[in-house]
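Below is one structure, written out as structure tokens; the observations come after it.
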Amino acid sequence: MIGILALQGGFEAHGKILDKLGLPYRQVRLARDLEGLEALILPGGESTTMLKLMDIYDLFEPLARFGASGKPVLGTCAGAILMSRHVDQSGQRSFGWLPVSIERNAYGSQRESFREVQDIPAWNLTDVPALYIRAPRFTELPADVTVLSRLDGDVTGISRHQFTAVTYHPELMDDVRFHRAWYQYQVAPLSAGAAS
Amino acid sequence: MKEVGTLELKTGLAEMLKGGVIMDVVTPEQAKIAEDAGAAAVMALERVPADIRRQGGVARMSPPELIFGIKEAVTIPVMAKVRIGHFVEAQILEAIGIDFIDESEVLTPADEANHIWKHDFKTPFVCGATSLAEALRRIGEGAALIRTKGEAGTGNVVEAVRHMRQINTEIAHLRSLDHGSMMTTAKNMGAPVSLVKLVAEQGKLPVPNFAAGGVATPADAALMMQLGAESVFVGSGIFKSGDPAKRAQAIVKATTHYKDPRMVMEASRNLGEAMVGINISDIPEGELLAGRGW
């Protein structure tokens, strides 16, 4: 069972993709919803809003523990912000699972949002369509982070240990290959390990 | 190749607002209160609908300096309203770099025959609707998000409920028709046949559908969510109440946990005074906002 954080934002779109792949999932709104999950998706939306709601619903610590427990986590857009160690210059709070810096709304407002296709060689994927909506940008990356995707000069997708973060929205497309590959490369191996 | 301003990108931002609350704000200070309470976005306007209703006169787009002030105060998306048909006000908002434009019946219409041709803009639009046909006409013009009109500034949710149920009922009816009757149905509805057919096939609007107009309590918000709204706009309900910060957070709570009566009950406790409501039958016909636009 995969959990999708459903406080606000693109949780439904991720659910639709998992439905198409036949992967069972549960929406996570309270700490008890995390019990028994094999992996977690932090969707896009507003990272500041989500942080406020995590405080209101006492969800920040349980989510932090989930990430530290070694289970796979995927973050898209706002989810990637929540996973990064340093956010902007503002020092916005985050789980900090990935030792990287990230800048919010780095490409401008909605007017500057765009669609682009890109390759993810580590997962043997080419021409994966993705939307960048008020997207963030990774600004500092240590050498031990695996680069998944690039756009022009920017790194747009990374993974390290059980954590995967992309600054775009693969879930808003009809294309299921991104989620299938994430499951195959990041979730299934760990789930199998846990089962044996 | 980078594509910008496509419908996919516009509805994409609407997707990111799902399950959240969008709050009307008049000043940067109110915007900050809204953001701190957990709003997913704010709607900048010159006067909240309850004041527009009370004070009368022509209601227009907010002055740019006010919108800039609100944009600076928060990091969540900022929306703003333009008059129905006033495409130059929309051009100004696009020049400001607003994230979403609400072509709103709450303001005084600038064109009684035409809504804005929204495909001309890179910025996404939200429009109000009272029926499926009206929703599809707006989507046909390029709207990326539909909301119920409700009756803004009344603190009375009855019209929002009517509009949401109306759209749900019409969608259910469309689903029961065979595809051979699509053109006649579209003709009778006064809506684009391609969109009528799409809704008949998919059983839902091709863009997200939010609730607006008269939401004043956490229970109102949860009611609209249970009726199928994917997010809630709250106008006068927050800053016309006794304790805006507390009520704002309570409405957010009830929206996230709308299926959980215990959470909605907890959210409803000790909120102080709700805004004073108005019965729709007490409003002279000419002052009803939902009748603006077609």
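Give the residues of segment B:11-30 that are over 15 Å from residue B:101 (Cα atoms), at the interface with chain A (Cβ under 10 Å from one of its Cβ atoms) and surrounded by fewer than 24 Cβ atoms within 10 Å (Cβ to Cβ), sorted by residue number.
Just the residues of segment B:11-30 that are over 15 Å from residue B:101 (Cα atoms), to begin with: B:15-16, B:18-21, B:26-30.
Still in the list and also at the interface with chain A (Cβ under 10 Å from one of its Cβ atoms): B:15-16, B:18-21.
If the condition is that a residue be over 15 Å from residue B:101 (Cα atoms), at the interface with chain A (Cβ under 10 Å from one of its Cβ atoms) and surrounded by fewer than 24 Cβ atoms within 10 Å (Cβ to Cβ), then B:18 is the only one that fits.
Show me the helices (runs of 4 or more DSSP H) entirely contained within segment A:1-107 in which 2 or more residues are under 20 Å from residue A:138 (Cα atoms) and under 13 Å from the mean Cα position of the chain (by Cα). Spell out the reasoning first.
Details: elements: A:11-21, A:47-56, A:60-68, A:78-83.
The qualifying helices (runs of 4 or more DSSP H) are A:78-83.
Please enumerate the residues belonging to segment B:195-245 that are assigned to a loop (DSSP other than H, G, I, E, B) and in contact with a Lys or Arg (Cβ under 6 Å, 6 or more places away or on another chain). I'd like the intermediate steps shown before the answer.
In the first step, residues of segment B:195-245 are kept if they are assigned to a loop (DSSP other than H, G, I, E, B); the result is B:203-208, B:212-217, B:227-231, B:235, B:240-243.
B:203, B:212, B:213, B:230, B:231, B:241, listed by residue number.
Scan B:125, B:121, B:68 and give me the residue that is within 14 Å of another protein chain (Cβ to nearest Cβ), under 30 Å from residue A:88 (Cβ atoms) and crowded, with 23+ Cβ neighbours inside 10 Å. Even if it seems obvious, please write down each step before you answer.
Details: B:121 fails: crowded, with 23+ Cβ neighbours inside 10 Å; B:68 fails: crowded, with 23+ Cβ neighbours inside 10 Å.
So the residue among B:125, B:121, B:68 that is within 14 Å of another protein chain (Cβ to nearest Cβ), under 30 Å from residue A:88 (Cβ atoms) and crowded, with 23+ Cβ neighbours inside 10 Å is B:125.
Give just the number: which of (1) closer than 25 Å to residue B:220 by Cβ; (2) more than 14 Å from the chain's Cα centre (by Cα) does residue B:28 not satisfy?
Going through (1) closer than 25 Å to residue B:220 by Cβ; (2) more than 14 Å from the chain's Cα centre (by Cα) one by one, residue B:28 breaks only (1).
So, in segment B:111-122, exactly how many residues are without any contact (Cβ under 8 Å) to a residue 60 or more places away in the chain, under 20 Å from residue B:95 (Cα atoms) and in a loop (DSSP other than H, G, I, E, B)?
Result for segment B:111-122: 2.
How about segment B:135-164: which of its residues are surrounded by fewer than 23 Cβ atoms within 10 Å (Cβ to Cβ), charged (D, E, K, R) and under 22 Å from residue B:188 (Cβ atoms)?
Result: B:137, B:141, B:162.
Which ones in segment A:109-152 are of a type in the set (Gly, Ala, Ser) and away from chain B (no Cβ under 14 Å)?
A:122, A:143, A:149
Considering (1) surrounded by fewer than 18 Cβ atoms within 10 Å (Cβ to Cβ); (2) at positive phi, say which one residue A:134 fails and leave the rest.
(1)
This table checks each residue for (1) touching a residue at least 40 places away in the same chain (Cβ under 8 Å); (2) farther than 20 Å from residue A:7 by Cα.
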{"site": "B:37", "(1), (2)": "yes, no"}
{"site": "B:41", "(1), (2)": "yes, no"}
{"site": "B:52", "(1), (2)": "yes, yes"}
{"site": "B:61", "(1), (2)": "yes, yes"}
{"site": "B:64", "(1), (2)": "no, yes"}
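Going through segment A:27-60 one residue at a time, which ones are of a type in the set (Asp, Glu) and in contact (Cβ under 8 Å) with a residue 12 or more places away in the chain?
Answer for segment A:27-60, where residues must be of a type in the set (Asp, Glu) and in contact (Cβ under 8 Å) with a residue 12 or more places away in the chain: A:33, A:38, A:46, A:58.
Within segment A:32-60, track down each residue that is away from chain B (no Cβ under 11 Å) and touching a helix residue (DSSP H, G or I) at 6+ places or on another chain (Cβ under 8 Å).
A:34, A:37, A:38, A:39, A:40, A:41, A:42, A:58, A:60
Would you point out which residue out of A:195, A:130, A:188 is modelled with pLDDT under 95 and either of a type in the set (Ser, Thr, Tyr) or over 20 Å from residue A:41 (Cβ atoms) (or both)? If you could, list the steps in order and put the result at the bottom.
Numbers: A:130 fails: either of a type in the set (Ser, Thr, Tyr) or over 20 Å from residue A:41 (Cβ atoms) (or both); A:188 fails: either of a type in the set (Ser, Thr, Tyr) or over 20 Å from residue A:41 (Cβ atoms) (or both).
After applying the criteria, what remains is A:195.
Mind listing whichever residues of segment B:230-261 are more than 13 Å from every other protein chain (Cβ to nearest Cβ) and either of a type in the set (D, E, K, R) or touching a Phe, Trp or Tyr at 6+ places or on another chain (Cβ under 8 Å) (or both)? Can you show your working first?
Our first condition is that a residue be more than 13 Å from every other protein chain (Cβ to nearest Cβ); within segment B:230-261, this holds for B:233-244, B:247, B:261.
Once the filter is applied, which keeps residues that are more than 13 Å from every other protein chain (Cβ to nearest Cβ) and either of a type in the set (D, E, K, R) or touching a Phe, Trp or Tyr at 6+ places or on another chain (Cβ under 8 Å) (or both), segment B:230-261 yields B:233, B:240, B:243, B:247.
Only one residue in B:275, B:225 is within 24 Å of residue B:45 (Cβ to Cβ), without any contact (Cβ under 8 Å) to a residue 40 or more places away in the chain, crowded, with 16+ Cβ neighbours inside 10 Å and among the hydrophobic types (A, V, I, L, M, F, W, C). Which one? Let's see the steps before the verdict.
Details: B:275 fails: without any contact (Cβ under 8 Å) to a residue 40 or more places away in the chain.
Testing whether each residue is within 24 Å of residue B:45 (Cβ to Cβ), without any contact (Cβ under 8 Å) to a residue 40 or more places away in the chain, crowded, with 16+ Cβ neighbours inside 10 Å and among the hydrophobic types (A, V, I, L, M, F, W, C) leaves just B:225.
Which of the residues belonging to segment A:127-154 are part of a strand (DSSP E or B) and acidic (Asp, Glu)? Before you say what the answer is, go through the steps one by one.
Here is the first cut: in segment A:127-154, the ones part of a strand (DSSP E or B) are A:127-132, A:137-140, A:146-151, A:154.
Matches in segment A:127-154: A:127, A:140, A:154.
Can you pull out the residues in segment B:75-84 that are of a type outside the set (A, V, I, L, M, F, W, C), under 30 Å from residue A:78 (Cβ atoms) and either surrounded by 24 or more Cβ atoms within 10 Å (Cβ to Cβ) or within 13 Å of the chain's Cα centre (by Cα) (or both)?
Start the filter on segment B:75-84 by keeping residues that are of a type outside the set (A, V, I, L, M, F, W, C), which leaves B:75, B:77, B:81, B:83.
With under 30 Å from residue A:78 (Cβ atoms) added as a condition, the list becomes B:75, B:77, B:81.
Listed by number, the residues that qualify are B:77, B:81.
If only one of A:69, A:84, A:101 is out of contact with any helix residue (DSSP H, G or I) (no Cβ under 9 Å at 6 or more places or on another chain), more than 11 Å from chain B (Cβ to nearest Cβ) and surrounded by 24 or more Cβ atoms within 10 Å (Cβ to Cβ), which one is it?
Numbers: A:69 fails: surrounded by 24 or more Cβ atoms within 10 Å (Cβ to Cβ); A:101 fails: surrounded by 24 or more Cβ atoms within 10 Å (Cβ to Cβ).
Selected residue: A:84, the only one of A:69, A:84, A:101 that is out of contact with any helix residue (DSSP H, G or I) (no Cβ under 9 Å at 6 or more places or on another chain), more than 11 Å from chain B (Cβ to nearest Cβ) and surrounded by 24 or more Cβ atoms within 10 Å (Cβ to Cβ).
Which ones in segment B:85-108 are surrounded by fewer than 24 Cβ atoms within 10 Å (Cβ to Cβ) and away from chain A (no Cβ under 14 Å)?
Of everything in segment B:85-108, those that are surrounded by fewer than 24 Cβ atoms within 10 Å (Cβ to Cβ) and away from chain A (no Cβ under 14 Å) turn out to be B:85, B:86, B:87, B:88, B:89, B:108.
In segment A:155-176, which residue that is more than 12 Å from chain B (Cβ to nearest Cβ), assigned to a strand (DSSP E or B) and touching a residue at least 40 places away in the same chain (Cβ under 8 Å) is surrounded by the fewest Cβ atoms within 10 Å (Cβ to Cβ)?
Top of the filtered list is A:160.
Scan (1) within 14 Å of chain A (Cβ to nearest Cβ); (2) of a type outside the set (Lys, Arg); (3) over 27 Å from residue B:258 (Cβ atoms); (4) in contact with a Pro (Cβ under 8 Å, 6 or more places away or on another chain) for the single condition residue B:8 breaks and write down its number.
(4)
The values are calculated or read from the model by the stated rules, or taken from the named source; none is laboratory data. The model shown is predicted, which means the values in this text are computed figures rather than measured ones. Methodologically, a virtual Cβ is constructed for each residue, glycine included, from the backbone with ideal geometry; neighbour enumeration extends over all protein chains shown.
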